[in-house]
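The values are calculated or read from the model by the stated rules, or taken from the named source; none is laboratory data. Computed from a predicted structure; not experimentally measured. No Cβ is skipped: glycine too gets one built from the backbone with ideal geometry, and neighbour counts run over all protein chains shown. For accessibility, only protein heavy atoms count, side chains too; no ligands or nucleic acids. Shrake-Rupley method; radii C 1.70, N 1.55, O 1.52, S 1.80 Å.
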Amino acid sequence: MTKSKDLLLKIRDLEIEGRSDETWMPIINGASFDLHKGEVLGLIGESGAGKSTIGLAAMGFTRDGVRISGGSVEFDGINLVTASAAQKRALLGKRIAYVAQSAAASFNPAHKIIDQHTEAPVQHGVQGRKDSESDAIELYRRLRLPNPEEIGFRYPHQVSGGQLQRAMTAMAMSCRPDLIIFDEPTTALDVTTQIEVLAAIRDIVEQFDTAAIYITHDLAVVAQMADRIKVLLKGDEVEEADTATMLSAPKEDYTKSLWAVRSFERPKKAAPAADAVPIVRVKNIDAAYGTVPVLFDVSFDIHAGRTVAVVGESGSGKSTAARCITGLLPPTKGVIEFEGVEMPLDYRKRTKDQLRQAQMIYQMADTALNPRKTIGEIIGRPVEFYGGLKGQKKRARVEELLHEIEMEPSQYIDRLPSELSGGQKQRIGIARALAAEPRFIICDEVTSALDQLVAEGILRLLAKLQDELGLSYMFITHDLATVRAIADEVVVMKDGRVVEQGPKAEMFMPPHHAYTDLLLSSVPEMDPDWLTNLLDARGVDNIGDAAVDKM
């Protein structure tokens, strides 16, 4: 790809500090790079490396309690460090756009999606309301959102996480900006949707000569998107090189360690006895949202001490099946059994002990933890509700749970969620689930928002807890590397139906159901040409066509 030689963004000796009590501590220690029009820079590194902080600083923005203490950020000749608020307002949303990692936490829940989409182009005078709505629908179509003419007129809570992430990408593209900061834009997406979104992003960048900073913890994804890669560790630059060189010959030991993650894989377990009673049995369930049917004759078993991974693209019914098991969405037909005993389909009709036995760990810890409660209060609530413990006994149990998730109680029990990293918040979600002392836990995309090093730590923790406590897991995920690491059995869902299921070893060996084969072939590889080759193999002539191809 031929790059424009026009320099768009110039960052020199950038230093950023964060305030802890009354002390300012360094976060970024002298970052420097150039970005030209039409060029994509990938920023990678583990949680806390400073990737998102640099991405925000490229917009002249810092979060509360953070400040730029040195260096310069020049966008098209304008120093954003010293620019006035009015100068920044004229740029942000129009010439510089941002795609956040957590769309669920970023959209205003009180306004329809299309109203939020049209705000920037209308306020910046790029388009009128009617033209902006028409353009939004076209972008929704390019990003393969279902019902593009209608979906924008829903509220954020009425669409899936993956759909909301694509809607945010469309919103960032609404003014055709010169620079887009993509902060983990495909984190919440299944592999087939991710392919289409990556292809659409690449098409937009090439078609409009847009520069981009692409922040991700997925090395295979950044290999498809970036011309150059910069590796960060705790605010320091480790190394930078063109993508091909970085993938084939990284110089630094830390970079090599990133390339080597995901070595963890659970040892194979003996199959359950033929007459073993599953801890959870889902039998021929149908379910609907209102009058719209969403699950059709779904059946699978989960045995004691085992992990069943449920995979499929966004909207396939994975999380809906979990909601049926917990009784949050009563099935319209079928049976849910726990250790051979039929459960009431509505959670409100279940006993406290029945409720205790099945707990959930949610995908987005940012939105799953009450921001106004301390960690001790968050974990203590189910300790008191299910165990009846109060006062010192409750605090002692909370401290035990923090030890179980490998977090020192004295350091974390009185903190708020905002004071924790993403991986730490997810561990608190695990502790909250364990507080009920369940036999069965539903893990809903619990590693999708985490960098690969932190995600591996979470998987190892879950495996350790399973061995120590005899837990059974339903593991909802779109990450097939996670499936390989932790699953005993795999259930593949599409359009509300189970299309294939069986032991993990069999599911990863051909022949596959056509849809399972599509999922397996859609897992990005550490090859810069992988996405282009895949699109060619699937008969996509233009990169942008992938966004509307059914594949």
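One table, with the values for the structure above:
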{"read-out": "Per-region count, segment 387-427, residues more than 30 Å from the chain's Cα centre (by Cα) and open to solvent by less than 100 Å² (accessible area, probe 1.4 Å)", "value": "8"}
{"read-out": "Residues satisfying the stated conditions in segment 379-406, i.e. aliphatic (A, V, I, L, M) and out of contact with any helix residue (DSSP H, G or I) (no Cβ under 6 Å at 6 or more places or on another chain)", "value": "ALA396"}
{"read-out": "Wholly within segment 37-110, helices (runs of 4 or more DSSP H) carrying at least 3 residues that are open to solvent by less than 20 Å² (accessible area, probe 1.4 Å)", "value": "51-57"}
{"read-out": "Among the candidates ALA309, ALA358, residue that is open to solvent by less than 30 Å² (accessible area, probe 1.4 Å) and over 24 Å from ASP517 (Cα atoms)", "value": "ALA358"}
{"read-out": "Filtered residue count, segment 408-431, keeping only those that are assigned to a loop (DSSP other than H, G, I, E, B) and among the aliphatic types (A, V, I, L, M)", "value": "3"}
{"read-out": "Count - residues of segment 167-190 that are farther than 21 Å from GLY152 by Cβ and open to solvent by 10 Å² or more (accessible area, probe 1.4 Å)", "value": "3"}
{"read-out": "Any pair with Cβ under 9 angstrom, 6 or more apart, that starts in segment 195-215 at a residue that is farther than 15 Å from ALA172 by Cα and free of Cβ contacts under 8 Å to residues at least 40 places away in the same chain and ends at one that is among the acidic types (Asp, Glu) and buried (at least 24 other Cβ atoms within 10 Å of the Cβ)", "value": "none"}
{"read-out": "Tabulated pairs, segment 224-249, first outside any loop (DSSP other than H, G, I, E, B), second among the aromatic types (Phe, Trp, Tyr) and open to solvent by 50 Å² or more (accessible area, probe 1.4 Å), C-beta under 9 angstrom, 6+ apart or interchain", "value": "LEU247/TRP259"}
{"read-out": "Complete set of residues in segment 276-294 that are farther than 26 Å from ARG356 by Cα and open to solvent by 70 Å² or more (accessible area, probe 1.4 Å)", "value": "GLY290, THR291, VAL292, PRO293"}
{"read-out": "Sole residue being under 28 Å from GLN224 (Cα atoms), of a type in the set (D, E, K, R) and at pLDDT below 90, chosen from GLU22, GLU39, GLU46", "value": "GLU46"}
{"read-out": "Where ARG141 falls short, out of the listed (1) open to solvent by less than 30 Å² (accessible area, probe 1.4 Å); (2) within 24 Å of the chain's Cα centre (by Cα); (3) not polar (S, T, N, Q)", "value": "(1)"}
{"read-out": "The lone exception for GLU265 - which of (1) over 24 Å from the mean Cα position of the chain (by Cα); (2) in a loop (DSSP other than H, G, I, E, B); (3) not aromatic (Phe, Trp, Tyr) it fails", "value": "(1)"}
{"read-out": "Selected residue (only one of ILE27, ILE11 is aliphatic (A, V, I, L, M) and modelled with pLDDT under 95)", "value": "ILE27"}
{"read-out": "Selection from segment 453-466 of residues that are over 16 Å from the mean Cα position of the chain (by Cα) and in contact (Cβ under 8 Å) with a residue 60 or more places away in the chain", "value": "ARG460, ALA463, LEU465, GLN466"}
{"read-out": "Any pair with Cβ under 6 angstrom, 6 or more apart, that starts in segment 69-95 at a residue that is on the phi < 0 side of the Ramachandran plot and ends at one that is among the acidic types (Asp, Glu) and open to solvent by less than 50 Å² (accessible area, probe 1.4 Å)", "value": "SER69/GLU17; ARG95/ASP178"}
{"read-out": "Residue that is farthest from LYS349 (Cα to Cα), among those in segment 288-322 that are of a type in the set (D, E, K, R) and at pLDDT 95 or above", "value": "ARG306"}
{"read-out": "Any hit, segment 152-164, residues being among the β-branched types (Val, Ile, Thr) and either touching a residue at least 60 places away in the same chain (Cβ under 8 Å) or open to solvent by less than 10 Å² (accessible area, probe 1.4 Å) (or both)", "value": "no"}
{"read-out": "The lone exception for ILE213 - which of (1) at pLDDT below 80; (2) open to solvent by less than 10 Å² (accessible area, probe 1.4 Å) it fails", "value": "(1)"}
{"read-out": "Test: MET168 is of a type in the set (A, V, I, L, M), over 29 Å from ILE476 (Cα atoms) and in contact (Cβ under 8 Å) with a residue 24 or more places away in the chain", "value": "no"}
{"read-out": "Residues satisfying the stated conditions in segment 1-59, i.e. free of Cβ contacts under 8 Å to residues at least 12 places away in the same chain and either touching a helix residue (DSSP H, G or I) at 6+ places or on another chain (Cβ under 9 Å) or aliphatic (A, V, I, L, M) (or both)", "value": "MET25"}
{"read-out": "All positions within segment 152-167 that are at pLDDT 90 or above and within 21 Å of the chain's Cα centre (by Cα)", "value": "TYR155, PRO156, ALA167"}
{"read-out": "Set GLU377, GLU384, GLU342: member being open to solvent by 30 Å² or more (accessible area, probe 1.4 Å), in contact with a strand residue (DSSP E or B) (Cβ under 8 Å, 6 or more places away or on another chain) and not basic (Lys, Arg)", "value": "GLU342"}
{"read-out": "The listed residue being of a type in the set (Gly, Ala, Ser) and over 21 Å from the mean Cα position of the chain (by Cα), out of SER102, SER106, SER134", "value": "SER134"}
{"read-out": "Subset of segment 158-208 [among the charged types (D, E, K, R) and within 25 Å of LEU518 (Cα to Cα)]", "value": "ARG166, GLU184, ASP190, GLU196, ARG202, ASP203"}
